[in-house]
1. If you add up the charges near B:R118, with Lys and Arg at +1 and Asp and Glu at -1, over every other residue whose beta carbon is less than 11 angstrom from its beta carbon, what do you get?
2. Run the quick spin-label model on A:N58 and B:S37: label points 7 Å from Cα toward the beta carbon, then report their separation in nm to one decimal.
3. How compact and how long is region A:2-71, expressed as Rg and Dmax of its alpha-carbon atoms in Å?
4. Apply the Karplus parameterisation 6.51 cos²θ - 1.76 cosθ + 1.60, with θ equal to phi minus 60°, to every residue of region A:24-38 and state each ³J(HN,Hα) to the nearest whole Hz, in sequence, with x for glycine and proline.
5. Take every residue in peptide A:42-55, count the Cβ atoms of other chains within 10 Å of its Cβ, and give the average of those counts.
6. Mind checking region A:3-55 for trypsin sites (Lys or Arg not before Pro) that DSSP puts in a loop (not H, G, I, E or B) and that have at most 16 other Cβ atoms within 10 Å?
7. Place a label point 7 angstrom from the Cα of B:E170 along the Cα-to-Cβ direction, then list the residues of region A:1-45 whose backbone nitrogen is under 18 Å away.
8. Along the Cα→Cβ direction, 7 angstrom out, place labels at B:Y163 and B:I124. What is the inter-label distance in nm?
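Only the coordinates and a few stated rules stand behind these numbers; no lab work does. Quick caveat: nothing in here was measured; it's all calculated off a predicted structure. Cβ coordinates were reconstructed from backbone atoms using ideal geometry, including for glycine residues, and neighbour counts include every protein chain displayed.
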Amino acid sequence: MKVHVYAALKEYFTPEFELAEPIRNTDELKVCLLAINATAGEILKTCRFAVEDGFIDNDFKLKEHDTVIIVPPSSGG
Amino acid sequence: MTLSLSSLPAAEADPPESASPSGAGTSAEPKDQSDQSAAFPYISAESLDLVELLRNAHHPGAGAVVLFSGEVRDNNRGRDVACLEYESYGPLASKMIRDILQEAKEKWNLQIVLAQHRIGKVAIGDTAVVVITASAHRSEAYAANRHIIDRIKHEAPIWKCEYYTDGTHEWGNNCNCHSITGDNAKHIYETAPGPSATSSGYPGPSAPPNQSY
């Protein structure tokens with residue numbers, strides 16, 4: 001699974017990285033991300049997750065070849 | 001910056017063929033508003049051309065055109081800002097802006113609606129985001145425009161990094177609605193929830209949803 005992060009999340013993770021272990025949903029992904037950087041807990045609570053051009057929730061079944069986008073709160077405009 | 005163009009009352013009452021002159025710089029033909037992205041990508045790494053956008057915002061059925069330009073100022077929260085840098089998750093940001101515009105077009109019966117947001121470094125005074133709304137009368141154009149910019153700021157996956165004159169930088173000014181709503185997908189907007197009744201008597205649409213993504 002590929003993971004892309006943006007904005008302030010880049011201070012916690014590299015912008016793009018791959019996870020080898022099987023991850024079935026966003027809750028499992030959060031656990032994996034915290035294992036990489038335990039200090040990211042607070043910002044991850046505010047984030048949403050997306051695959052392709054749509055947001056996903058924990059019911060979405062992640063697949064091995066998905067690219068998951070981690071979306072921090074917006075600050076456009 | 002908000003610029004509003006409104007024809008005279010007499011022109012608003014005129015039939016469409018006489019409401020918009022055929023002179024240079026105007027576009028009398030209604031535009032296909034299903035998707036602006038061919039001409040004006042929703043997310044742009046290039047400077048936003050407000051003149052060209054406005055040139056494409058005229059419609060014979062529209063007596064009012066409102067243009068909002070969100071511009072980079074040189075200070076924020078007491079700090080001197082050198083420039084801003086924006087990034088976005090383009091596929092989702094473009095889809096969301098397109099959907100926000102389409103929803104606003106239907107709710108406020110807009111003839112024209114356009115929006116673009118910059119990514120990359122944006123200098124002080126330059127435009128970071130533009131929203132143009134054109135409608136028969138000004139109340140709809142103003143209301144829709146403010147609603148659109150609110151939703152883009154709160155919802156679209158676009159982020160700004162502030163670069164300060166002291167050499168530091170900071171990602172910030174994030175939407176913080178989740179701390180109130182308890183849901184990262186629910187937002188609180190500055191605008192009133194839709195022009196269900198206005199001082200002009202315009203029987204506007206029902207309140208737009210507080211959440212769509």
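1. Once positives and negatives cancel, what remains is -3.
2. 3.2
3. In order Rg, Dmax, the Cα atoms of region A:2-71 give 10.9, 28 Å.
4. 9, 7, 5, 5, 5, 5, 4, 4, 5, 5, 5, 5, 6, 8, 5
5. Going residue by residue through A:42-55 and averaging, the value is 3.
6. A:R24
7. A:7-12, A:43
8. Result for the modelled spin labels: 1.3 nm.
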